[in-house]
1. Test A:Leu118 against the stated conditions and say whether it is of a type in the set (A, V, I, L, M), in a helix (DSSP H, G or I), buried (at least 17 other Cβ atoms within 10 Å of the Cβ) and not assigned by TED's automatic domain parsing to the domain that holds A:Ala20.
2. Note down all Cβ pairs under 6 Å where the first residue falls in region A:258-278 and is closer than 18 Å to A:Ala121 by Cβ and assigned by TED's automatic domain parsing to the domain that holds A:Ser131, the second is surrounded by 13 or more Cβ atoms within 10 Å (Cβ to Cβ) and of a type in the set (Phe, Trp, Tyr), and they're at least six residues apart or on different chains.
3. Looking at region B:144-164 only, could you name the residues that are more than 24 Å from B:Ala319 (Cβ to Cβ) and of a type outside the set (Gly, Ala, Ser)?
4. Under the condition of being surrounded by fewer than 23 Cβ atoms within 10 Å (Cβ to Cβ) and in contact (Cβ under 8 Å) with a residue 12 or more places away in the chain, which residue from region B:239-253 is farthest from B:Val104 (Cα to Cα)?
5. Is one or more of the residues making up region B:300-311 within 12 Å of the chain's Cα centre (by Cα) and surrounded by 24 or more Cβ atoms within 10 Å (Cβ to Cβ)?
6. Please list, ordered by residue number, the helices (runs of 4 or more DSSP H) wholly in region A:1-85 having 2 or more residues that are hydrophobic (A, V, I, L, M, F, W, C) and either surrounded by 11 or more Cβ atoms within 10 Å (Cβ to Cβ) or at pLDDT 80 or above (or both).
7. Being surrounded by 14 or more Cβ atoms within 10 Å (Cβ to Cβ) and part of a helix (DSSP H, G or I) is the filter here, so list the residues in region B:217-238 that pass it.
8. Looking at (1) over 18 Å from B:Val268 (Cα atoms); (2) modelled with pLDDT of 90 or more, which one does B:Phe149 not meet, given that it meets all the others?
Amino acid sequence: MSAGAEAPRRPYVTTKLVTARAVGIAGIVAGAVAFWLALPPLTVRNVAAPIVVGSLAGVLGVGAITRGERRVGWGAVVAGLVGMAGGVAAAQASSAHLEDVITWSTIVSLGLVWTTPLTFAAIGGLVSERSGVVNIGLEGMMLMGAFFGIWGADVTGSWWGGLAIGMISGGGLALVHAVFAIHLRADQIVSGTAVIFIAWGLTGYLYNSHYGFDGTPEGTPAVPTFNPTWLAHVPPRALGQFLADSLNGLSLMTIFAFVLVPLAWLVIFRTPLGLRIRSCGEHPRAADTVGINVYRIRYGSVVMSGVLAAMGGVYLSIGFNHHFTEKMTAGLGFIALAALIFGNWRPFGAFAACLLFGLSQALAPQFQNVDSWANYGTLFQALPYLLTLVAVAGVIGRTVPPAADGRPYIKQ
Amino acid sequence: MSTPTITTPGSPEPPGDEIPPDTFAGRITLAHRAGGVAVPLLTTLVAFVAGGLVVLVFSRKNPLSTYHAIFNGTGLNWLLPWNTCQFPCQPAIHLQQTAVQFTVLVLTGLAVAFAFRCGLFNIGGQGQYIVGTIAAVWIGTSLDSLPGFLHVTVAILAAAAAGGLWAGIAGFLKATVGAHEVITTIMLNWVALWIGVYLVDIGGPLQDPSAGPVGVTAQVDPGARLRVLWGTPGLQALNIGFFIALAALVVYSLLLNRTTLGYQVRAVGFNPDAAAYGGISVRRSYFLAMAISGAFAGIAGSMDVLGWQLNVDTSFVNAYSYIAFLGIAVALLGRNSAVGIFFSALLFAALTTGTAARNLDPNVFPSELATNLTQMIQGLVVLFVGAELLILGIWQARRRATKTAGRVE
């Protein structure tokens, strides 16, 4: 092999494989590892370990920033700092307490439970906002799905009947938002807020007049779940047991949610329909000029967002809780909105944020297993919102909404 | 970033008809021109009719007798001349509760309205209200060496400052990095909620240690309580906060219409670019408008804590703080004017009180349905008030009417 043939190839390989983005992502992973080291099952008691790995994450982050990947790079720096702080804190804490709080299979399985409704609602919000209509009424649309899902399951006697009726109800509420936001040119925030009020009132009213003090009946049909016990045979034994435990009781709706994300990406970024939706959200006049019916696309997108958000609500009532209570969504719609913004209006970004927020929702109640830590769980609940604040403040790169998001379009 | 979209006004208009600019304040001006009180009254009427239909269809009850029972629940019937009610008078107690709700709704309505006039949508009244309650209960349960008058004043001012700072974060982010205030205030709402729950929950820094397994703060020092003017202290009696709310309406009106700051805020609300061209600091206006808005909401929190609640527990932070969210409906229906907010706060206070479990006659209509009916009516009011094209239609109809009337003469 001659040296002359090798020389031009090496830079090619390095630029292709080790991009600045990959460096940054490695940094984020290193930040997570710094924290994970100090947690069970490894439970490294040496403070140096998280510091070293966390610093590595910081170095990788700085490397990515200097190579132009600001967003991922800053993410890695923050992940490194958080991982370092968390790792040091965990290494100082009593390992018995850690064992009580960190049960990975519980956190993963509960995290999947929370991620499911968040993903439906966040992808729903994404579809609507990509077409240029802000949808802060996600909370209300989820709640509609939650009530009508269980009512439908109760009436039709089947879970898919409930799912269908729930989806229609969410789409119906979204249609109200669409009419006011698109045709009547109401301020989209105002009509989104109104829709939340209406959903609170309507579901509460119907719940009380139909079910009253007894609550929704026991044993309404539920979304099927899976128990992949065969996963326990996956070697090594600990991993297999972990997989089996954390995927135990996996809902069909969770699988739908995980399928929805690549599907949404495919539709929005790789199909003519997606191009139309995005062009209505970026430059509706230009879209109109080339013959796209902006109103029709926006109507379709908003109704679709309501249908998807309602699926998240249906999962809450007949997939997870198996009953309905007034205002049971309790801010999940707003967390989904936060995830959408945190994920920068992109399907995989939003999904990653949903996973992060879902896992943190699952971790929060775990703190109550240790008396002296019970309060930290409450503070932990604020984390998704704080992270989103930091994200919109532009510390970790700017979040960029669609250019015409929130502006009514006036046909000429 | 300048966007090349939709800066041109709407459908072709006959010459001479000016169309307000496509900004938030432009819409508000449009709404003002579109026949003053006609739109809000019409909206409210439509919402009540829709609510009545819900009552009729889903519960098969008489909507009129339901509304009559709700009206009696508000205590407003105490004001009727033929009311001869002896002590202890139930309508009087109900009326006191309505007045207490009115106090809070005026202040949270002002919190939304002031930001509106600067072109900002402060959807974070709930969070600002929560930090206000926390500040008020913190000062109210400590500093008990202060004389009474000073103590209560300091507590209210602390609540105003806390609310102002909390909203100021959103204003600061809007002014510096352009973060959308709707997103930041929603996030700040939930951060405030969880921090509030943490502070008063079991083992939290503000929890009363003697309360044991209950997440509640200590009672506010007697000196830090708002003076009760009418009714039994401890119940939701009418306190001096009612007049603080009325004073706030006057302050709001004067601040907006008679000061340089108010002029600047309104100018930025109409058109930030024009205001900047005229030498007004848009950033400063954004920050101050949010901070003043937050101060109103913070004071609202202190009114509840120092007036009748006297302590803060987890459900108060979690659920009751929802009342501050209603400020959006109050401001929208009240068209951001002091007089409008007075009446819309009265309407929503009456609805909230009249449908409460203690006030509504359960033989006529169950209150758990009625409270949800209230929420539906509130939602419908907000929905219709926000519909620009409806307002535009009414405006044009009026113009046409005046034109033809002129021609006849």
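The values are calculated or read from the model by the stated rules, or taken from the named source; none is laboratory data. All of these numbers come straight from a predicted model, not from anything done at the bench. Cβ sites come from the backbone with ideal geometry, for glycine too, and all protein chains shown count toward neighbours.
1. Yes, satisfied.
2. A:Val261/A:Phe351
3. Selection gives B:Asp144, B:Leu146, B:Pro147, B:Phe149, B:Leu150, B:His151, B:Val152, B:Thr153, B:Val154, B:Leu157.
4. B:Ser253
5. Step one: filter region B:300-311 for residues within 12 Å of the chain's Cα centre (by Cα), giving B:300-301.
Cutting the leftovers down to surrounded by 24 or more Cβ atoms within 10 Å (Cβ to Cβ) gives us B:300-301.
Within region B:300-311, one or more residues are within 12 Å of the chain's Cα centre (by Cα) and surrounded by 24 or more Cβ atoms within 10 Å (Cβ to Cβ).
6. So the answer is A:20-37, A:48-66.
7. B:Gly223, B:Ala224
8. Here B:Phe149 clears every test but (2).
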